[in-house]
Structures are given as structure tokens and as C-alpha cells.
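Read the figures in this text as sums done on the coordinates, not as results from a lab. Given the structure is predicted, the values throughout are model-derived calculations rather than measurements. We place every Cβ from the backbone using ideal geometry, glycine too, and count neighbours over all the protein chains shown.
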Amino acid sequence: MAHAQAEAQPYNGYGGGRTADYTNANPEQNYCAALADLYVRYVGRSESGPSSNRRPDVNGGVALAKCKEGDTATAIPILEQKLRDAKVTLPVRPKS
């Protein structure tokens with residue numbers, strides 16, 4: 001039986017946690033996506049499942065939505081603070 005192998009596709013979403021892992025033309029959007037990935041992975045509720053005793057963070061959820069919409073000016077400071085509060089190391093921010 002032959003198995004098809006999946007081809008490597010560029011990932012343009014939350015996934016790697018490093019700004020180099022994203023393919024947006026805008027470096028701020030890449031940074032925001034990296035922050036969002038770390039937030040979801042280590043702070044947010046999404047991976048805990050609905051039966052978790054963790055409470056959803058409305059501000060974190062808004063920041064994730066703003067990041068996805070491209071409103072990095074609003075999302076980045078919120079996500080950075082949430083990650084710092086959780087003692088998660090921030091990715092390197094690209095120079096403007």
C-alpha cells in the first residue's frame with residue numbers, strides 16, 4: 001500500500017513562536033503572530049480544552065483577534081504583557 005507524503009508548505013499563521021517562522025511581508029505582523037502563538041501555547045485556554053478550570057482571558061482573546069486582523073499596534077503590547085506576566089520569554093522583535 002502506497003502512502004502519500006505531505007509536502008512542506010510555508011506556514012502563514014500561528015505555529016512556530018519565532019518571527020522567522022512566519023511568511024508575512026510585514027515584520028510587525030510576523031512578531032505579532034509569534035507572540036500570539038506563544039500566548040496560545042503557554043498562557044491561553046485554547047489548548048486546555050473546555051473542561052479546564054482555567055478561565056478565558058478576554059483581553060488576551062481580543063489581542064489574538066487584533067493580531068489576526070493586522071492591528072499589531074493594539075495586539076503587541078497586550079500579548080507582550082500577558083507573556084511577561086506568565087514568565088514566557090518573548091521572541092526577538094524585528095528592528096523597524
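Among residues other than PRO27 with Cβ under 12 Å from its Cβ, the summed charge is +1 (Lys and Arg +1, Asp and Glu -1).
Label-to-label distance for ASP71 and VAL58 is 1.5 nm, based on points extended 7 Å past Cα in the beta-carbon direction.
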